[in-house]
Amino acid sequence: MSDGHQHISTGERIAAYARNGGVTLRALAARAGVSYSLLTKVTSGHRPASPALVAAVARALGVTVDLLEPQPHRDATTDPLMPLMAPIRATLDLYDLAPQEDVTPRPLPQLRVAVAHINALAQAAQYKPMAGALPGLLTELHAAAHTFNGHDQQQAWGLLSEAYRCGHSVGIAIGLNGLSTTALNRMDWAAQRAGDRAPGLRAAREYLRVTAYLRTGDLEACQRLQDSGRYFLEGTDPNTPGALVARGQLHLGSAVVAARAGDKALMEHHLNEAARIAARTGEQNDFSVHFGPTNVSVHRVMTLVEVGEHAQAVAASKSVRFPSDWAPTRIGHHHIDLARSYRWLARPETALYHLDQAYAAAPQQASRHPLVRETVTALARTSHRHSDALSVWITRTGV
């Protein structure tokens, strides 16, 4: 689509691709395995185009998901973060070489602080300073993992695994799925050497792998990854570092997958199991994964949005209270979800308010997120007159 078509909604794009391909909406619905009634409501703008529906329709049309969703003017090749990617790629690629002789790693306590800091930057969507510091930290941790001894060496491998995760974070943010995949492969490679932290780290890595498959709507792959994560936790107990947190997070991931599949009963089951675990753990941040009662509440809102229960999602959000040290990206995503619901409840000003809250929490995330672009595109399309607040968001997202 050309720049002049940026305000075309996902539903209109689906209808256009079907029409250009000589496919009726009824035939497309049959190919995609979706309800014809739902598809017509989506193409007419009366229902949101859920990620699962978009992925199914894209497969049926033989196109990529990106072609059916509103896209910003910028792309990955022109992203200002791109010059910082080459050193990260090189560090990820050279993982199997001997450590550099001129690198002397800091003591383990200082390395823990450094890893916590770089993950905090990732969780705040402060991608530029994080990407700038990541290659040097990975090189230092690589040296520590090869030169430390005993328990300290296992701890260094665990820290290296946690740091590799940041490559996934920036890869997903820019849209470089290959970089994300490589970083998560390295995360598992290091996790296998992390002693008693290995099960939790390997399970957390499987949870993170789901992101790419949710994007394409491959729910079978998502569930296989969730099951793989649970396999790594077999034989662990509450004393295994991160095991309970990883198990709870896997239940939250499975709740999202169930919501995408429209299985509300299974969604509730996984949310309830996560809540049961969260009651035992309290608020935790093992392996830089925020898990606890707050994350369960946030995922309850998210999954209600996914299944189209927007009034219930808004009601559920009233009880959410964020801890002072909670991840800005998680706060931002929560407000993005609420913006989606308020848009479908025909409350555009409140939707824009929540987009502003998402931007206040994590501006780089909010400016880049595809769900924000989808919401802004829909608001722009249905607004008779663009308010100043909406105009700001049109500029920020490039729709």
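The values are calculated or read from the model by the stated rules, or taken from the named source; none is laboratory data. The model shown is predicted, which means the values in this text are computed figures rather than measured ones. In this analysis, Cβ positions are derived from the backbone assuming ideal geometry, glycine residues included, and neighbour counts consider all displayed protein chains. Accessible surface areas use protein heavy atoms only, side chains included; no ligands, DNA or RNA. Shrake-Rupley method; radii C 1.70, N 1.55, O 1.52, S 1.80 Å.
Rounded to the nearest 0.05, what FRET efficiency do residue 102 and residue 149 have when you use their Cβ-Cβ distance and R0 = 30 Å?
0.90
Could you give the accessible area per residue of the chain, probe 1.4 Å, as a whole number in Å²?
43 Å²
What does the accessible area of residue 117 come to, in Å² to the nearest 10, when a probe of 1.4 Å is used?
We get 110 Å² for residue 117.
So if I restrict to the alpha-carbon atoms in the chain, what is the Rg, and what is Dmax, the biggest pairwise distance, in Å?
My reading of the Cα-based Rg and Dmax gives 21.5, 67 Å.
At 1.4 Å probe size, with the rest of the protein present, what percent of the exposed accessible area of the chain is carbon and sulfur atoms?
The C+S portion of the solvent-accessible surface of the chain is 51 percent.
Which aspartates and glutamates have a Cα less than 20 Å from the Cα of residue 128, not counting those fewer than 8 places away in the same chain?
Here the aspartates and glutamates satisfying the reach criterion relative to residue 128 are 75, 79, 140, 162.
Of 37, 58, 91, which is farthest along the charge dipole of segment 11-111 in the positive direction, counting Lys and Arg as +1 and Asp and Glu as -1 at C-beta?
Value computed over the given set: 37.
As a test of the formula, what do you get for the chain when each DSSP H run with n ≥ 4 contributes -39,500 (n - 2.57) and the sum is divided by the residue count, at 222 nm and rounded to the nearest 500 deg cm²/dmol?
Working: 21 runs with 279 residues, N = 399.
Value at 222 nm, helices only, nearest 500: -22500 deg cm²/dmol.
Taking only Cα atoms and a 10 Å spring cutoff, compute GNM fluctuations for the chain and point out the largest among 104, 350, 139.
Its mean-square fluctuation being the largest, the pick is 104.
Give me the lysines in straight-line cross-link reach of residue 264: C-alpha distance below 30 Å, same-chain residues under 8 apart excluded.
Candidates past the 8-residue exclusion: 41, 318.
Excluding ligands and nucleic acids, what accessible area in Å² is computed for residue 89 using a 1.4 Å probe, to the nearest 10?
The accessible area of residue 89 comes to roughly 110 Å².
Under 8 Å for C-alpha pairs, at least 6 residues apart: give me the relative contact order for the chain, rounded to a whole percent.
The value is 15 percent.
Provide the FRET efficiency to the nearest 0.05 for the residue 93-residue 381 pair, computing r from the beta carbons and using R0 = 41 Å.
0.40
Mind putting a number on the dipole of the chain about its Cα centre? Charges go on the C-beta only, +1 for Lys and Arg and -1 for Asp and Glu, and I need it in Debye to the nearest 20.
About 1120 debye.
Determine how large the accessible area of residue 152 is when every protein chain is in place; take a 1.4 Å probe and give Å² rounded to the nearest 10.
Result for residue 152: roughly 80 Å² accessible.
With a 1.4 Å probe and all protein chains kept in place, how do 394, 277 rank by accessible area, largest first?
The residues order as 394, 277, largest area first.
Between 128, 41, 318, which gets the highest mean-square fluctuation from a Gaussian network model of the chain, Cα cutoff 10 Å?
Ranking 128, 41, 318 by mean-square fluctuation puts 318 first.
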